[in-house]
Structures are given as structure tokens and as C-alpha cells.
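Student: The structure follows.
What follows draws every value from the coordinates through simple rules; no lab data is involved. Here the structure is a predicted model, which means the values were calculated and not measured. For neighbour counting, all protein chains shown are included, and Cβ atoms are generated from backbone atoms with ideal geometry for every residue, glycine included.
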Amino acid sequence: MNQQSLTDQLKAMGLKKTDTVLMHASMKAIGAVSGGGHTVIKTLIDYFEEGLFMMPAHTWKTINETNNHFDPKTEKACVGILPNLFLAHPKSRRSLHPTHSVVCSGDYDQSLLNKEALWHTPTPLEGIYGKLKALDGYILLVGCGFERNTYIHSIEESMHINNRFSDQPFDVWIHHEDAIIKSYMYKHENITFPHLSENYYRVLPKLEHLGLIDYHMFGHALVMKMKAKDLFDHISRWLKNDPLLFDSNLPIENDLF
């Protein structure tokens, strides 16, 4: 695989250069590419130059009560090789969220990235994840499972689902230019299911049945392509009917939908 073949695959997905895209990706699943991960990142930056391309650059594994200074210029992402390569690219910019930042390129709004320092939960409605619906954004899961779909956390936040955060926040200091912003953060937390996102698969069969998930290839990785608006419209309605939708790891058997 090379940049041209990866570009052809993006075109085959029906993605336009002006689209807004959030991509979760596994370089291991993408496989051998001439130039490695650097070529993958260059392909994505070049292709979406007129749009907005984003990847999670999360630091929830490293930023905590004891390591509570977040410097977006130096803190590594804990979600894979590609986000860290993206962070190092001169055309990239990172949001100021201390645990759930994104790295982006293209037509980004710097004020939106900076406002991420104002929020106190991982994926608030007012933040970048919460705005994906209004931005008419696509979500791509590239070589990773549905549990990686961070946007669903945002849907749950917008619905004020109970038992999603730690009881107490921790203090955090966010480094930005020559200033340090003092803030605090609540962590994702659920006592029964410490990795609650592993239950997101419960709605996947219904989303597929509704035709809301398209399957493609990027490199050698299977891609799940979906629109944030479709996810929000359906999952928020299902959560309204059953706020405990994801508080179970059993297949759905009732007539929730």
C-alpha cells in the first residue's frame, strides 16, 4: 500500500475532501504501508485539507490525580501510534481538553480547540465530540471495534445518564502558550462495568439493520463508517426509552427499538 492506494480507498468510501471526519484507527490493522504510519497521516492530512480531519489524542490513562499537568505540546496520546505521529506533524493542532483531546488538521476552529479547557467531563455536549452532529461529521472506526466509538460517551453525556463519572473530580493544570489554566476533571467511571464502552456493541446489529453503518477497507483494515447525526438521533431515542441500555453486556432481547 502507498499514498495513492490509500487515497483511492478514501474516495471509494464516498468521502469528500471537504468532509468533517473523526477517525479511530489501528496502524497494526492497516498493515504494511510504504513509509509506514507517516504515509498514513500524510494521506489523511492531504486528502481532507479543505475539510476537518480529527483523531483522538486521549490522555485519560496518564493524566490523573498525581500527574495533573497537561501540556498539549508534550503529553503523548495513550490511544495508539497514529495519533502520536499526527501530533508531531507541523500541520496538526491539538485541543486543550486534558484527558480527551483531539488532534486535527484542515479547516479547524482554533477557538473551539481552546474552549476544550473549559469543560470538566470527558465528552460534553458543548465540546468537540458533542458538536460532531452539528458539524455533520463522519466517524470512522479503522481496524478497531465498536467499543472505541467515543462519540457514544458524548451521547450519554447529553442524555445525563447516571453513574458515568467519578464521584469526585481531580484538579488539573492545563498549559497553554505562556499561561497555565487551573481546572478540574471528572473521570469516566462505572463500578459494575469498569470498561462500559465494551457494551456499546449491543446496538451495533440494529444500526447495521437500519443501514447506518457502511463497511469499507483502509489499507488492510476493515472500516466502519457512520454519521454522528445518525448515531445521535437513534441512540438518544433508545436511551430515552432505556437509560440503562449500556449497563448490561447481554444481547438485547426486548422491543427497545
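Student: Here's a check for you: in region 150-163, which residue that is of a type in the set (A, V, I, L, M, F, W, C) and under 17 Å from P56 (Cα atoms) is surrounded by the most Cβ atoms within 10 Å (Cβ to Cβ)?
Tutor: I155
Student: Would a scan of region 114-123 turn up a residue that is within 14 Å of the chain's Cα centre (by Cα) and of a type in the set (S, T, N, Q)?
Tutor: The answer is yes; a qualifying residue exists.
Student: A follow-up question, please. Find the residue count for region 1-31, including only residues that are more than 26 Å from G130 (Cα to Cα), hydrophobic (A, V, I, L, M, F, W, C) and not in a helix (DSSP H, G or I).
Tutor: 1
Student: Can I ask one more? Sort out which residues of region 69-97 are crowded, with 17+ Cβ neighbours inside 10 Å, part of a loop (DSSP other than H, G, I, E, B) and in contact (Cβ under 8 Å) with a residue 60 or more places away in the chain, and write them in order of number.
Tutor: P72, L96
Student: Something else: Which one of the conditions (1) surrounded by 15 or more Cβ atoms within 10 Å (Cβ to Cβ); (2) hydrophobic (A, V, I, L, M, F, W, C); (3) more than 16 Å from the chain's Cα centre (by Cα); (4) assigned to a strand (DSSP E or B) does L207 fail to meet, given that it meets all the rest?
Tutor: (4)
Student: Which pairs turn up if I take residues in region 98-113 that are closer than 13 Å to I174 by Cβ and free of Cβ contacts under 8 Å to residues at least 24 places away in the same chain and look for partners that are among the aliphatic types (A, V, I, L, M) and surrounded by fewer than 20 Cβ atoms within 10 Å (Cβ to Cβ) with beta carbon separation below 8 Å, at least 6 apart in sequence or on another chain?
Tutor: L113/L96
Student: I need a count of the residues in region 166-192 that are over 12 Å from W60 (Cβ atoms) and assigned to a strand (DSSP E or B).
Tutor: 11
Student: Listed residues E147, E116; which is crowded, with 22+ Cβ neighbours inside 10 Å and assigned to a helix (DSSP H, G or I)?
Tutor: E116
Student: So if I check each of S197, S166, S248, which one is small (G, A, S) and over 21 Å from the mean Cα position of the chain (by Cα)?
Tutor: Testing whether each residue is small (G, A, S) and over 21 Å from the mean Cα position of the chain (by Cα) leaves just S248.
Student: Inspect region 143-151 for any residue being more than 29 Å from L222 (Cβ to Cβ) and either touching a Leu at 6+ places or on another chain (Cβ under 8 Å) or not acidic (D, E) (or both) and give the result as yes or no.
Tutor: no
Student: Being polar (S, T, N, Q), over 18 Å from the mean Cα position of the chain (by Cα) and closer than 22 Å to A77 by Cα narrows it down to one residue among S111, S154, S105; which is it?
Tutor: The match here is S111.
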